[in-house]
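Enquirer: Take a look at this one; I'll ask things after.
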Amino acid sequence: MTHKPVAVGVDGSDPSIAALHGAAAAAARRGAALRIVYARPWRAGNQQFTIGLTAQEEWAHERLSTAWQDAARRHPDLTVTGEETSETPAKALLDTLREAQLLVLGSRGTGRMSGFLTGSVMLPVVARASGPVVLVRAGDAPAPAGDDPVVVGLDVEHRTAPVAEFAFAEADRTLRPLVAVSVWSLQGIYAYPSALPDPRVGTDLEARAARALENALAPWLAAYPDVKAERLTTAGAVAPRLLQAAAEASLVVVGRRRHKHLASGTPLGPVTHAVLHHAAAPVAVVPHD
């Protein structure tokens with residue numbers, strides 16, 4: 001069994017139930033234990049409000065118990081640990097991930113979050129996470145092996161090896177093909193509206209982008225020879241092109257550069273932010289230097 005567990009943050013909401021099922025499946029595939037973190041609702045001093053929250057907690061516990069019993073039937077050999085914490089959700093999740101190999105969270109998608117996984121919690125957790133975070137949509141169920149690919153967006157100008165490695169490993173575990181996407185642009189060359197594009201320049205840039213992507217993939221193609229990998233280099237705006245390529249994905253994998261966007265006051269880069277809010281499939285965000 002892998003030493004570090006797969007962690008999941010839950011609160012009883014539909015998205016967190018989906019996250020629990022996704023995390024259980026991920027832990028089983030990895031031969032890892034599952035660690036469940038439940039954040040209790042904050043208790044106000046008003047007695048009437050406290051009684052209401054107690055009923056909410058009972059509802060959440062009942063839902064979680066039912067969901068876990070179902071997951072246990074699907075994965076009878078899975079080892080499970082858990083904790084109930086009164087820490088703020090973001091701190092509890094970030095602390096848990098430091099001792100885990102992966103954190104799974106639930107979201108409604110399209111920018112609307114649920115339960116304690118609100119945008120004010122989820123985005124800072126993803127932005128500051130020390131390891132990979134997977135966002136699962138409400139209603140998503142762990143899919144069996146199939147033809148829907150793992151799609152990974154790679155910025156070949158930066159050190160994205162952890163992103164590529166995560167994507168290849170997931171494709172290998174789930175017996176799925178992989179699509180590696182690299183987007184390039186002519187914007188930096190044709191800076192003036194009156195500039196006339198030279199088709200030779202575009203052809204040269206496309207060839208260079210293809211070579212750069214091939215070089216970035218080479219170690220992982222060798223490490224995971226059973227993964228069928230498609231290379232896709234395309235020109236345009238990164239987020240729309242990546243979302244288009246991921247329309248039929250089983251998982252979308254994107255990177256997050258450590259510290260870069262935090263220093264500028266932006267919790268996530270624009271591409272990762274767009275994918276988190278608009279991708280139809282679960283999204284994995286992998287930090288890299």
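The values are calculated or read from the model by the stated rules, or taken from the named source; none is laboratory data. All of these numbers come straight from a predicted model, not from anything done at the bench. Note: ideal-geometry Cβ built from the backbone for every residue, glycine included; neighbour counts use all protein chains shown.
Enquirer: I'd like to know if the range 55-63 contains one or more residues that are surrounded by fewer than 23 Cβ atoms within 10 Å (Cβ to Cβ) and either modelled with pLDDT of 90 or more or in a loop (DSSP other than H, G, I, E, B) (or both).
Expert: No, that holds for no residue.
Enquirer: Go through the range 148-160 and report how many residues are over 16 Å from the mean Cα position of the chain (by Cα) and at pLDDT 90 or above.
Expert: 2
Enquirer: Pairs only if they're at least six apart or on different chains, beta carbon under 6 angstrom, first in the range 214-243 and at negative phi and surrounded by 15 or more Cβ atoms within 10 Å (Cβ to Cβ), second in a strand (DSSP E or B) and not aliphatic (A, V, I, L, M); list them, first residue then second.
Expert: Partner pairs satisfying both residue conditions: T233/S182; R241/T234; L242/G153.
Enquirer: Next question, about the same structure. Exactly one condition in (1) at pLDDT 90 or above; (2) under 30 Å from A26 (Cβ atoms); (3) among the aliphatic types (A, V, I, L, M) is not met by A237; state its number.
Expert: Here A237 meets the rest and fails (2).
Enquirer: Need a quick list: strands (runs of 3 or more DSSP E) entirely within the range 71-147 having at least 2 residues that are at pLDDT 90 or above.
Expert: Output list reads 102-107, 133-137.
Enquirer: So if I check each of A19, A32, A24, which one is modelled with pLDDT of 75 or more and touching a His at 6+ places or on another chain (Cβ under 6 Å)?
Expert: A24
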